[in-house]
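A short write-up of the structure that comes next.
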Amino acid sequence: QRPIVRLLSCPGTVAKDLRRDEQPSGSVETGFEDKIPKRRFSEMQNERREQAQRTVLIHCPEKISENKFLKYLSQFGPINNHFFYESFGLYAVVEFCQKESIGSLQNGTHTPSTAMETAIPFRSRFFNLKLKNQTSERSRVRSSNQLPRSNKQLFELLCYAESEFQLTEENTKLRYLTCSLIEDMAAAYFPDCIVRPFGSSVNTFGKLGCDLDMFLDLDETRNLSAHKISGNFLMEFQVKNVPSERIATQKILSVLGECLDHFGPGCVGVQKILNARCPLVRFSHQASGFQCDLTTNNRIALTSSELLYIYGALDSRVRALVFSVRCWARAHSLTSSIPGAWITNFSLTMMVIFFLQRRSPPILPTLDSLKTLADAEDKCVIEGNNCTFVRDLSRIKPSQNTETLELLLKEFFEYFGNFAFDKNSINIRQGREQNKPDSSPLYIQNPFETSLNISKNVSQSQLQKFVDLARESAWILQQEDTDRPSISSNRPWGLVSLLLPSAPNRKSFTKKKSNKFAIETVKNLLESLKGNRTENFTKTSGK
Ligand code: CTP
Ligand code: MG
């Protein structure tokens, strides 16, 4: 029994209402099998988006009877699903069976008025529920946990090792709902727009607490004009023109930023970051606790999310290894939530994919081979970049490789501990090293915009830190193979040892001093993680 497999089997609510088929390559058990989606990315996105449009967010009084709450809301229409969560107050996410119910709920809702302030009469799907009689309720509802940090005992582990917790079904629903609420606001200007989540919220590599990347898709509006209309005329909208796509993006985001700032219920700390390579509006959505990045004209990033979704679905070892590597990186402060010269989770994910393409036999196919498998429907060119690859998961053959996760983790560290970063770039399109086109310390080619380096921000010293830690970790795992200590010994071992932040006295491989207290803490927390995870993560009153 070694803890590595247990920790790799990250906790998370098992989503019960997602359809999933059997996993094709069941040869290596990772604990990630039950979360593997088998549907097309677009099907999954459309279904969840439609669900979110029938859903409302309600801030509730602290003490509320669930039955009375549901009875009250059922007046507006039948309810399909609901759950409560806590985030600086009690909130309910309620999904109606029909979209029309939202209109009746809004019609039965009034805009509050206070003596001191004036409310901007903006009608959204985010409500505040009040008790008519303050003293009448005593019972409390059970709520699910949306925040990565809380005072729960289990979360001490997060503070220590920043263990990665997969997104739960409820958290995913809340992410789609938040996008849908923002879409309502953007729809005031662009009635047919779609706000789609992308990045780690949807690529199956997200964890609780990751940011919510949103993309304002205006192409739906543009595509409407593609309908064939008979007659001798062509009708066009009268529009304003600007010199470039970038300026158009900046103007749209600038106005939406103002709109969110002034009218958006629960949207705080709005920052317009319009001069970035990819202009964005950053804000916090207080009720959900999500840090949101809203972009537009960013379809390629959505396509990368779809590609990662496919890679994550092909073999359960992919996500298990990505989660482990990110957990390791976080524990050693190689990654950070503050932007800077650090390696990002996105870059680490690409490195894992590349590494898995390099195994023999390969665990993952190259992007070029996914392109070869594509059919006419998969053809996709965005801004001159070829983004064609197969979308139907059943057309990709499962890998013949049966290597265990432990071996892969060790080999990952070995591989990147010895990678010629000074000469070569990482390229998941071809699945082999290429000569670096410029002198960036770390060069990971953007799979679709092939002239871009996704890790351009990484400094030489951060790369060196990564390489040193990878070597050290490979060495620790190697030691374990030759001389496996027993559980009762004080030396750190397995993934636990890799998660321990390097103590100042761990300068050389030979001078490693173990910290008994820290090891005991991690061991205890791992035990509590095992024991508590079902309790803590499946708590929800949703059906
Ligand atoms: N992206 C990109 N090139 C970059 C950075 C980001 O194409 N240099 C795209 C990727 O599709 C990425 C998305 O933007 O998934 C969101 O970026 P980010 O939030 O940094 O990464 P996530 O994958 O969402 O991971 P995290 O959990 O750290 O947010
Ligand atoms: Mg993100």
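The values are calculated or read from the model by the stated rules, or taken from the named source; none is laboratory data. Remember, predicted model here, so these are calculated numbers, not experimental data. Just the protein is used for accessible areas: all its heavy atoms, side chains included, with ligands, DNA and RNA removed. Shrake-Rupley method; radii C 1.70, N 1.55, O 1.52, S 1.80 Å.
Key figures
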| read-out | value |
| --- | --- |
| The stretch 305-421 shape via C-alpha gyration tensor axes, a/c threshold 1.5 | oblate |
| The stretch 197-341: Cα Rg divided by the 2.2 N^0.38 Å rule of thumb | 1.31 |
| Spread of Cα-to-Cα distances over 5 Å intervals beginning at zero, given as percent, for the stretch 368-422 | 4, 15, 15, 12, 11, 16, 17, 9, 1 |
| Residue order for 471, 246, 299 - accessible surface, 1.4 angstrom probe, largest first | 471, 246, 299 |
| Overall form of the stretch 34-73 per C-alpha gyration tensor (a/c, 1.5; a/b vs b/c) | prolate |
| For the stretch 43-98, alpha-carbon Rg and Dmax in angstrom | 12.2, 38 |
